[in-house]
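The values are calculated or read from the model by the stated rules, or taken from the named source; none is laboratory data. Bear in mind that the values here come from a model prediction, so they are computed numbers and not experimental data. Heads up, the Cβs are rebuilt from the backbone with ideal geometry, glycines too, and the neighbour counts pull from every protein chain shown.
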Amino acid sequence: MDFLKDVFTNPINVGLLAMCGYVIYKIFKSRSQDDPGPPPEPELPPMKKKDFTLEQLREFDGMREDGRILIAVNGKIFDVTKGKKFYGIGAPYGVFAGKDASRGLATFSLNEESIKDVYDDLSDLNKMQMNSVREWEEQFNDKYPFVGRLLKPGQEPRDYSDTEDESIEKPKLE
Ligand code: HEM
């Protein structure tokens, strides 16, 4: 009972519980909406490898006609369109669509403040948060196609034209 009292009298815990409740609600809501859902949409053709500025990334928030959704994690951009139930409009992690999700993932936050309008070099994050963002990067790398890199201001995009899409190795985790 003391444990429950501790949980409910600490505003941080109450906030975290509320956020979990919200995420669980969103996940279950999107599942029940899918069930019995329409037939799955055909998968989009793979995207040509390309580096993106933050502004270019913004376009891929799922609102384009093709519905493509890209997300940057630790400088790498992934095509998360097949995870629409997570990142689509109204989905629990939709706030990350077309954005650099690194800070939000590192700090376990879905607040808009964790998504910067300008390039975020993450230099103020501590070791634990950086480890966390690398773990997320690994998860995204395993699950979603790698599309390119997030360009720092002034950085030139790479030329991927001489690399066969299928033969490109996924970037090594640094
Ligand atoms: C604290 C309450 C939370 C609960 C209960 C929760 C629950 C879950 C569950 C059950 C999944 C797996 C869903 C599935 O595979 O069908 C999931 C995935 C995920 N969660 Fe959460 N989550 C919470 C908070 C957060 C927060 C705060 C963030 C981000 C800062 C986050 C980011 C993610 C991401 C990125 C995925 C992976 C989606 C993918 O596979 O693409 N979660 N979460």
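Points worth noting:
- The residues of the stretch 79-106 that are surrounded by 22 or more Cβ atoms within 10 Å (Cβ to Cβ), on the phi < 0 side of the Ramachandran plot and touching a strand residue (DSSP E or B) at 6+ places or on another chain (Cβ under 6 Å), listed by number, are Val80, Thr81, Tyr87, Phe96, Ala97, Asp100, Ala101, Ser102.
- The criterion of being on the phi < 0 side of the Ramachandran plot, within 16 Å of the ligand (Cβ to nearest atom), in a loop (DSSP other than H, G, I, E, B) and modelled with pLDDT of 90 or more holds for Asp120.
- Residue pairs whose Cβ atoms lie under 8 Å apart, sitting 6 or more positions apart in sequence or on different chains, and linking a residue in the stretch 85-111 that is outside the structural domain of Met63 (by TED's automatic domain parsing) to a partner that is aliphatic (A, V, I, L, M) and more than 7 Å from the ligand (Cβ to nearest atom), do not occur here.
- Restricted to the stretch 102-117, and to residues there that are hydroxyl-bearing (Ser, Thr, Tyr) and part of a helix (DSSP H, G or I), the residue that is farthest from Ala18 (Cα to Cα) is Ser102.
- Those residues of the stretch 87-101 which are in contact with a Phe, Trp or Tyr (Cβ under 8 Å, 6 or more places away or on another chain) and assigned to a helix (DSSP H, G or I), in sequence order: Tyr87, Gly94, Phe96
- Flag for Glu65 being over 18 Å from the mean Cα position of the chain (by Cα), in the same structural domain as Leu122 (by TED's automatic domain parsing) and modelled with pLDDT under 95: yes
- Failed item, numbered, when Glu164 is tested on (1) assigned by TED's automatic domain parsing to the domain that holds Leu57; (2) modelled with pLDDT under 95; (3) over 20 Å from Val23 (Cα atoms): (1)
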